[in-house]
Amino acid sequence: MIIVKSREEIELMRESALIVSKTLGMIASEIKEGVTTLYLDKLAEEFIRDHGAEPSFLGLYGFPNSLCMSPNAQVVHGIPNNKPLESGDVISVDCGAYKNGYHGDHAYSFEIGEVAPETKKLLQITKESLYVGIRELKLGNRVEDVGNAIQRYTEAHGYGVVRELVGHGVGQKMHEDPEMPNYGKKGRGKLFVEGMVVAIEPMINLGTRNIKQLKDGWTILTADGKPSAHFEHDVAIIDGKPEILSTFGYIYKALGIVSNEEDEFRREPLVL
């Protein structure tokens, strides 16, 4: 069952989402060659708590850390460790924060040093597909309209769209209805309604769409060992249209990137 949020609840969710955004912006300033993911995880936990929130992922279903950090062939749910990052790595950093009774949850894939051109393009297309999907989150459409848009955009470039892992509704629980697959057929799935909030998160592989899981019970890998990319936003339907509650703006500020990619999904400009 889709849990509809009031405007007041959506604003509380925006606050939680922006704590995640600020956390990822802090990570953007710290993530580089030679740094360990476990070090970054500790920084994130401290940052989230300093902003009056709790790390959503820590202890969720037994997960041991505050960040899911998934480099290279890891798709999602990677566990932070003491292995230093290397130039050429790409890494998905997925973060959640819980404040005022609501979760925020979003992710960004970072480049470390000099990344192979084909991998850099994978990240670019995957991020573009996120916005292609968000445009379909509007009244009159259905769940698989979003997935179909993402699938068509990424498969046109020869990439593999992961089937076993999907986006989701978000609110007082981290995972709510509906599931939001990154593939599908137009016109199928639950009908979108005013006030729903979802996490849309393309997980796209350079090669095969097939995946496998490590014995740790968490880490998901591409079956062929090729890189994967992952980007995620929290999005609400307000006045029948998609509005992004999270932002990559803090990341871009840290990295010196100028972008207007989110502007069409905001009623008012976001002031960082």
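Annotations
- With respect to the conditions (1) crowded, with 21+ Cβ neighbours inside 10 Å; (2) touching a Leu at 6+ places or on another chain (Cβ under 8 Å), Cys68 falls short on a single one, namely (2).
- Candidates Gly189, Gly195, Gly158, Gly207 - the one that is crowded, with 17+ Cβ neighbours inside 10 Å, at positive phi and over 18 Å from the mean Cα position of the chain (by Cα): Gly189
- When residues in segment 141-155 are screened for being open to solvent by 30 Å² or more (accessible area, probe 1.4 Å), farther than 16 Å from Arg188 by Cα and in contact (Cβ under 8 Å) with a residue 24 or more places away in the chain, 1 of them pass.
- Residue count for segment 217-239, restricted to those that are closer than 17 Å to Asp263 by Cα and open to solvent by 10 Å² or more (accessible area, probe 1.4 Å): 1
- Qualifying residue in segment 6-15 (condition: surrounded by fewer than 20 Cβ atoms within 10 Å (Cβ to Cβ) and either over 22 Å from Val235 (Cα atoms) or hydroxyl-bearing (Ser, Thr, Tyr) (or both)): yes
- Test: Met174 is of a type in the set (A, V, I, L, M) and assigned to a strand (DSSP E or B): no
- Just one of the numbered conditions (1) more than 16 Å from the chain's Cα centre (by Cα); (2) not in a helix (DSSP H, G or I) is not true of Ser92: (1).
- Some residue of segment 148-170 being farther than 30 Å from Glu8 by Cα, assigned to a strand (DSSP E or B) and not charged (D, E, K, R): yes
The values are calculated or read from the model by the stated rules, or taken from the named source; none is laboratory data. Nothing here was measured: the structure is a model prediction, and the numbers come from that model. Note: ideal-geometry Cβ built from the backbone for every residue, glycine included; neighbour counts use all protein chains shown. Note: areas computed on protein heavy atoms with side chains; ligands, DNA, RNA excluded. Shrake-Rupley method; radii C 1.70, N 1.55, O 1.52, S 1.80 Å.
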